[in-house]
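Okay, so here's the structure we're looking at.
The values are calculated or read from the model by the stated rules, or taken from the named source; none is laboratory data. No experiment lies behind these values; they were computed from the predicted model shown. Counting neighbours? That spans all protein chains shown, and the Cβs are built from the backbone with ideal geometry, glycine included. Note: accessible area is taken over every heavy atom of the protein model, side chains too, but ligands, DNA and RNA are not part of it. Shrake-Rupley method; radii C 1.70, N 1.55, O 1.52, S 1.80 Å.
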Amino acid sequence: MKVVRSVAAMSRLAAAWKNCVVLVPTMGALHEGHLSLIDRARRAAGREGTVVVSIFVNPLQFGPKEDLSRYPRPLRRDLALCRERGVDLVFHPDADEMYAPGRSVTVDESLLTGGLCGRSRPGHFSGVCTVVAKLFNLVRPHAAVFGQKDYQQLAIIRRMVRDLNFPLEIIGSETVRESDGLALSSRNVYLTPAERAEAPVIRRALLLAGKRVRAGERDAGILRGVIEKELAAAPLGRVDYAEVVDAETLQPVARVERPTLLAVAAYFGRTRLIDNLVVSLK
Ligand code: PAF
């Protein structure tokens with residue numbers, strides 16, 4: 001497995017590749033969720049293809065009050081996991097390498113970023129789009145894999161690829177969960193035992209609302225109420241949002257009439273967790 005740290009070396013290698021290249025962009029602190037993205041990338045690339053994992057804690061997507069400095073960076077462990085999983089190349093630049101001094105161009109999406117996490121994390125998705133566009137240009141993959149847990153991120157990246165004609169396929173990969181339903185996240189390590197015990201309430205709340213849709217409930221206000229009531233049963237949780245939005249445009253809906261996204265973000269202590277469920281009428 002190669003580890004590449006410079007933008008110039010990454011670009012040179014990418015220009016010479018002739019086989020199918022699949023990229024898994026990450027910020028490191030790899031867990032089973034990331035490993036399933038890597039497995040998905042291998043299936044897409046084939047045995048002869050090249051799987052690239054980028055590990056880069058992107059300063060541009062963290063707000064001033066967010067956890068950039070305390071974000072976990074267990075690099076040796078991450079590299080060992082990538083090696084074990086058959087990754088061909090890890091791209092691990094540092095921030096000065098990725099962002100030239102005086103840089104002045106960002107990539108901004110203007111419809112899907114407005115709500116959900118975009119509301120409480122201004123600038124976050126501009127940071128994500130900018131770094132992902134740079135990674136696409138540097139690695140030149142035929143496909144890239146992103147987790148469905150970050151549904152809004154995945155939808156925004158699909159838009160960016162569509163609207164800016166990036167020549168690659170975006171593959172959405174299913175959320176990996178603990179046995180009690182909690183979605184895997186690098187941030188789960190921050191939870192105290194008491195917070196960890198309560199955190200699966202997010203998944204329970206989403207499933208309860210999904211069950212109500214299957215039973216015929218269409219009113220978004222009622223479904224939001226179902227989610228909020230269940231979340232309120234966890235005294236250590238503080239809801240950031242519980243939303244019912246169109247699964248494609250991410251705009252709020254009054255009724256479930258098309259594929260619809262139920263989405264939650266909640267704080268447990270200082271740790272912000274997100275999860276979602278797509279419901280449709282079929
Ligand atoms: O999902 C993430 O880990 C990050 O937002 C990403 C896509 C690697 C961009 O920094």
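Is it true that some residue in the range 260-276 is among the charged types (D, E, K, R), surrounded by fewer than 16 Cβ atoms within 10 Å (Cβ to Cβ) and assigned to a strand (DSSP E or B)? Within the range 260-276 (the criterion being among the charged types (D, E, K, R), surrounded by fewer than 16 Cβ atoms within 10 Å (Cβ to Cβ) and assigned to a strand (DSSP E or B)), the answer is no, since none of the residues qualifies. Of the candidates ALA29, ALA15, the single residue that is in a helix (DSSP H, G or I) and either in contact (Cβ under 8 Å) with a residue 12 or more places away in the chain or open to solvent by less than 40 Å² (accessible area, probe 1.4 Å) (or both) is ALA15. SER36 meets all of the listed conditions (1) within 14 Å of VAL90 (Cβ to Cβ); (2) in contact with a strand residue (DSSP E or B) (Cβ under 9 Å, 6 or more places away or on another chain) but one, namely (1).
Only one entry in ARG159, ARG238, ARG204, ARG187 is without any contact (Cβ under 8 Å) to a residue 40 or more places away in the chain and in a helix (DSSP H, G or I), namely ARG204. Taking the listed residues LEU135, LEU154, the one that is outside any strand (DSSP E or B), under 15 Å from ILE274 (Cα atoms), open to solvent by less than 20 Å² (accessible area, probe 1.4 Å) and within 12 Å of the ligand (Cβ to nearest atom) is LEU154, with no other qualifying.
Of the residues making up the range 157-169, those that are more than 11 Å from the ligand (Cβ to nearest atom) and either among the polar types (S, T, N, Q) or open to solvent by less than 20 Å² (accessible area, probe 1.4 Å) (or both) are MET160, VAL161, ASN165. Scanning the range 91-101 for any residue that is under 24 Å from VAL161 (Cβ atoms), assigned to a strand (DSSP E or B) and away from the ligand (no atom under 15 Å from the Cβ) turns up nothing.
Pairs only if they're at least six apart or on different chains, beta carbon under 8 angstrom, first in the range 46-57 and in a loop (DSSP other than H, G, I, E, B), second of a type in the set (D, E, K, R); list them, first residue then second. Partner pairs satisfying both residue conditions: GLY49/ARG42; VAL57/ARG73.
Would you check if there is a residue in the range 119-126 being within 10 Å of the ligand (Cβ to nearest atom) and buried (at least 17 other Cβ atoms within 10 Å of the Cβ)? The answer is yes, given that some residue of the range 119-126 is within 10 Å of the ligand (Cβ to nearest atom) and buried (at least 17 other Cβ atoms within 10 Å of the Cβ).
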